[in-house]
Amino acid sequence: MGIVGTVESLWRYPVKSMRGEELDEMFAGYAGVYGDRVFAFTSSANAKGFPFFTGRDQRQMIRYRARFRNPEKASRPVNLVEAEKLSPNLNPISADLLDLMVDVETPDGKTFAVDDPALIDNLRLNSDGNHELTLRRSHKALTDCRPLSIFAVQTAERLGEETGVQVDKRRFRANVYVDLTNADGFAEDKFVGRSLRIGSTVTIAVLQRDARCMMITLDPDTAEKAPAILKAVAQAHQGMAGVYGAVLTEGVIHKGDPVELL
């Protein structure tokens, strides 16, 4: 079909369920977006199938701001340039996890290293006392489902029209927000089962629609709830908004890149 839109913005989330950071470019790899959800907290009170401590448990968590201490080492794989010179088929490697250390600023302005026990104490302040938290770290993105998420800005606009609520796209915590040409909301649903090329290199297989939970009811700046948004998604869109994909060809995506439906 050719070009269907452009990349409106790029996001990653250094700590699962904390505030995301907008990027001008990002490396999309087989394991997910480089630097995305490198850290997560798990709770003894949650189910073993989904042990993560998130905004579902402590909604103010989405207001915690995580930043890489060495952003230059967290932007793309450490040997990407050298690997590409040798062969376009080589998989680059991640930085050492010590080089991907994150500092977290709380909503009240305190800053902790992500592995500081005091951060756990802070997170537990407004949550159920049964939560005993453990920090997890990983070289792959600790996503809920597939490695990469895509969301059309028209879908946020459509939900705003349906609910009468101003819908900030950040509620949906996607990696790639796309601005689709001549498309209505939820047009990305039609990409399922197809592949997208984003920019000159990255190819993504769109695998499934994204099933939504109460996280999308939370305002990304205030954590206040707007239940009407989840209600509209559930009643009018089968509980789905946005799509999940898997990377078939790794590479760097830039803001403004063309999005081509293959």
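The values are calculated or read from the model by the stated rules, or taken from the named source; none is laboratory data. Just so it is clear, the structure is predicted and the values come from calculations on it, not from any experiment. Quick reminder, even Gly has a Cβ in these numbers, built from the backbone with ideal geometry, and neighbours come from all protein chains shown. Keep in mind that these areas ignore ligands, DNA and RNA; they rest on the heavy atoms of the full protein, side chains included. Shrake-Rupley method; radii C 1.70, N 1.55, O 1.52, S 1.80 Å.
Summary table
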read-out: Total residues in segment 232-250, condition open to solvent by less than 10 Å² (accessible area, probe 1.4 Å), touching a Phe, Trp or Tyr at 6+ places or on another chain (Cβ under 7 Å) and not aliphatic (A, V, I, L, M); value: 1
read-out: Members of segment 202-226 that are small (Gly, Ala, Ser) and open to solvent by 20 Å² or more (accessible area, probe 1.4 Å); value: ALA211
read-out: Odd one out for ILE229 among (1) open to solvent by 20 Å² or more (accessible area, probe 1.4 Å); (2) assigned to a helix (DSSP H, G or I); value: (1)
read-out: Wholly within segment 1-102, strands (runs of 3 or more DSSP E) carrying at least 1 residues that are closer than 26 Å to LEU180 by Cβ and either free of Cβ contacts under 8 Å to residues at least 60 places away in the same chain or of a type in the set (Phe, Trp, Tyr) (or both); value: 2-12, 21-23, 25-29
